[in-house]
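**Student:** Just dropping this structure here.
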Amino acid sequence: MIERGSGVAVWRQIENSLAEEIACGQLQAGEQLPTELQLAERFRVNRHTIRRAVATLVERGLLRVEQGRGTFVQDNAIDYAISKRTRFSRNMARQNLSSDIDVVASDSLAANAELAALLEVKVGELLFRIKTLSRVENRVVDYATMFFPAARFPDLPAIYQQQRSVTLTLQHFGIQDYTRRFTRVTARLPDSEVVDYLGIPKNRPVLHVKSLNVDPDGRPVQYGITCFNGDLVQLVMEDQ
């Protein structure tokens with residue numbers, strides 16, 4: 001119950017009440033919060049007061065906002081293993097989580113100096129660029145941009161569109177195994193494109209991951225830049 005005149009701000013009382021419901025399991029992980037209007041009617045306050053209480057719970061990490069869907073009780077973060085052989089589908093399967101990948105764009109571009117050095121091709125050489133969204137349990141967890149040498153992998157975008165898997169796509173070209181040469185992780189604020197695709201606030205940092213995969217001979221096969229939703233994913237560094 002809300003006690004007006006108690007010396008504790010009304011929005012703070014609502015925050016504490018909802019936090020207690022989350023702690024005791026009355027509001028369960030992944031459950032959608034009632035709408036602002038429903039909460040305002042329940043607590044007999046205006047929607048601005050509800051908005052402030054909910055915003056504070058989001059800042060505390062107890063709730064998350066998914067643009068276009070609503071506000072949800074925060075789940076336990078999904079473990080995403082980073083190792084010598086990092087595989088998205090394998091990561092999710094071993095946690096019994098359903099997953100899928102959507103291709104949102106694909107094109108080609110001339111390699112600039114940075115990309116040419118990473119992929120060990122000449123500056124100006126053609127690269128394929130593929131942008132994807134990864135979903136786990138129907139939630140978008142990352143937005144990725146991948147680069148492949150076009151001369152070595154002709155028609156790769158069409159193959160990837162069919163397979164939706166780097167592993168299966170490279171197998172099509174005779175590469176049965178590949179390993180991670182490096183993984184570089186930083187936290188940074190998302191640009192407008194990442195905000196739109198991940199459906200997160202523009203002031204919410206993402207896990208920005210750069211990685212390079214190589215074939216058994218050490219030749220680069222794929223360079224990627226992935227932005228993970230830090231509210232949903234935690235990166236786990238593994239030896240193997």
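**Student:** Looking at 68, 61, which one is of a type outside the set (D, E, K, R), open to solvent by 80 Å² or more (accessible area, probe 1.4 Å), out of contact with any strand residue (DSSP E or B) (no Cβ under 8 Å at 6 or more places or on another chain) and at positive phi?
**Tutor:** 68
**Student:** Here is a further query. Looking at 141, 121 in this structure, which one is of a type outside the set (S, T, N, Q) and within 17 Å of the chain's Cα centre (by Cα)? Step through it out loud before you land on a result.
**Tutor:** Numbers: 121 fails: within 17 Å of the chain's Cα centre (by Cα).
Within the list 141, 121, the selection yields 141.
**Student:** Being within 11 Å of the chain's Cα centre (by Cα) and of a type in the set (S, T, N, Q) is the filter; apply it to region 184-240 and report the residue that is farthest from residue 135 (Cα to Cα).
**Tutor:** Per the criteria, the residue is 234.
**Student:** When residues of region 148-182 are filtered for being within 14 Å of residue 103 (Cβ to Cβ) and of a type in the set (Lys, Arg), how many remain?
**Tutor:** Number of matching residues: 1.
**Student:** Can you name the residue in region 1-53 that is among the hydroxyl-bearing types (Ser, Thr, Tyr) and part of a helix (DSSP H, G or I) and is also surrounded by the fewest Cβ atoms within 10 Å (Cβ to Cβ) among such residues?
**Tutor:** Per the criteria, the residue is 17.
**Student:** What residue, among those in region 208-234 that are assigned to a strand (DSSP E or B) and open to solvent by 40 Å² or more (accessible area, probe 1.4 Å), is modelled with the lowest pLDDT?
**Tutor:** Filtering first and then ranking leaves 234.
The values are calculated or read from the model by the stated rules, or taken from the named source; none is laboratory data. Note that the coordinates shown come from a computational prediction; the quantities given were computed from them, not determined experimentally. Reconstructed Cβ throughout: ideal geometry from the backbone, glycine too, with neighbour counts over all protein chains shown. Note: areas computed on protein heavy atoms with side chains; ligands, DNA, RNA excluded. Shrake-Rupley method; radii C 1.70, N 1.55, O 1.52, S 1.80 Å.
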